[in-house]
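The values are calculated or read from the model by the stated rules, or taken from the named source; none is laboratory data. Remember, it's a predicted structure, so these values are computed and weren't measured experimentally. Because the Cβ atoms are built from the backbone with ideal geometry, glycine has one as well, and the counts that use them run over all protein chains shown.
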Amino acid sequence: MKKFTLGLAVITSLVCSVVSAKEVRLASDFTYPPFNYKNAQGEPVGFDIEIANALCEEAKLDCTWVSQGWDALIPSLMARKSDVIMASMRITEDRKKKVLFTDKYYQTPARFVAKQSADFTIDKAGLEGKVIGVQQGTIHDRYVTDMFAGVADIKRYGGQDEVYLDMQNGRLDVTFGNADQLALAFLDKPEGADFEFKGQAVTDKAYIGEGTALALRKQDKALAAKFNQAIKAIRDNGTYDKIAAKYFNFDIYGENL
């Protein structure tokens, strides 16, 4: 009887594992339009959201969204409060030590933005004493910290939307972030009319990474493989391009980056 009970428990466990493997919790901070944010009804929307939904449909996964602060995304993944990070997270060497990344689903350079009237250069001499705003814990935070700590005043924010507010209010001299996001969420908006890109695009993979991807726990290789197959499938069948065309008038996938 004990052997039968034990066997039944193992079978039940295996069945539950199969079911739970199809139920995937996707985590994002929802502060990064047009990639991931919430609409007036509080619903997740944006490029990341639509791509994730397409991937889940292709892979036949039952996906739900979990809201977490940017700094909590990886710790919460490790604590099993989510299963996948889908939040425009770039693949970097430091992050690869902690998580398993899928193949990229887009890749863009990083840029600085300041007032059109600003006459300073984007180097240590030009940014001396200037206030730089970045989203905390991002690759952009790491870059400006490595390059300008001790020279400029670096202000860190929980979300990129907060950075834009302080740019408008004159509390920041310059910000640094993904070029596409800066353009679409700020420069192309009325509130960004007096601002422009400054300096050269940063393409150093030591900072901007190897692309933007979904992040999983290292042991979840089978789930990562499902997402990789789905990424290839939506690229091949035109779903990716159809979604991208809603948001961008350029190649967001970044074939040559």
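In segment 16-34, the qualifying residues are those that are surrounded by 18 or more Cβ atoms within 10 Å (Cβ to Cβ) and at pLDDT 95 or above, and the one that is nearest to Q181 (Cα to Cα) is F30. Checking K205, K246, K226 one by one, the residue that is in contact with a helix residue (DSSP H, G or I) (Cβ under 7 Å, 6 or more places away or on another chain), among the basic types (K, R) and closer than 24 Å to S28 by Cα is K226 and no other.
A quick yes/no check of all residues on (1) part of a loop (DSSP other than H, G, I, E, B); (2) of a type outside the set (S, T, Y); (3) without any contact (Cβ under 8 Å) to a residue 40 or more places away in the chain:
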{"site": "I74", "(1), (2), (3)": "no, yes, no"}
{"site": "F112", "(1), (2), (3)": "no, yes, no"}
{"site": "D119", "(1), (2), (3)": "yes, yes, yes"}
{"site": "I132", "(1), (2), (3)": "no, yes, no"}
{"site": "G137", "(1), (2), (3)": "yes, yes, no"}
{"site": "D153", "(1), (2), (3)": "no, yes, yes"}
{"site": "R156", "(1), (2), (3)": "no, yes, yes"}
{"site": "V163", "(1), (2), (3)": "no, yes, yes"}
{"site": "T175", "(1), (2), (3)": "no, no, no"}
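Going by the conditions given, is K221 assigned by TED's automatic domain parsing to the domain that holds D71 and among the charged types (D, E, K, R)? Taking the combined requirement at face value, the residue satisfies it. Quick one: is F195 surrounded by 17 or more Cβ atoms within 10 Å (Cβ to Cβ), touching a Leu at 6+ places or on another chain (Cβ under 8 Å) and more than 30 Å from Q229 (Cα to Cα)? Considered against the rule, which asks whether it is surrounded by 17 or more Cβ atoms within 10 Å (Cβ to Cβ), touching a Leu at 6+ places or on another chain (Cβ under 8 Å) and more than 30 Å from Q229 (Cα to Cα), F195 comes out as yes. Checked against (1) crowded, with 18+ Cβ neighbours inside 10 Å; (2) not assigned by TED's automatic domain parsing to the domain that holds K218, A125 passes all but a single condition, namely (1).
Would a scan of segment 57-69 turn up a residue that is out of contact with any His (no Cβ under 9 Å at 6 or more places or on another chain), closer than 30 Å to G199 by Cβ and buried (at least 17 other Cβ atoms within 10 Å of the Cβ)? No, the conditions are met nowhere in segment 57-69.
Selection over segment 224-257 of residues that are small (G, A, S), farther than 13 Å from A54 by Cβ and surrounded by 12 or more Cβ atoms within 10 Å (Cβ to Cβ) gives a count of 3.
For (1) modelled with pLDDT of 95 or more; (2) among the aromatic types (F, W, Y); (3) surrounded by 18 or more Cβ atoms within 10 Å (Cβ to Cβ), each residue gets a yes or a no:
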site: D146; (1), (2), (3): yes, no, no
site: D166; (1), (2), (3): yes, no, no
site: V174; (1), (2), (3): yes, no, yes
site: A185; (1), (2), (3): no, no, yes
site: A201; (1), (2), (3): no, no, no
site: A206; (1), (2), (3): no, no, no
site: T212; (1), (2), (3): yes, no, yes
site: K218; (1), (2), (3): yes, no, no
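The single condition among (1) over 30 Å from A244 (Cα atoms); (2) part of a loop (DSSP other than H, G, I, E, B) that T108 does not meet is (1).
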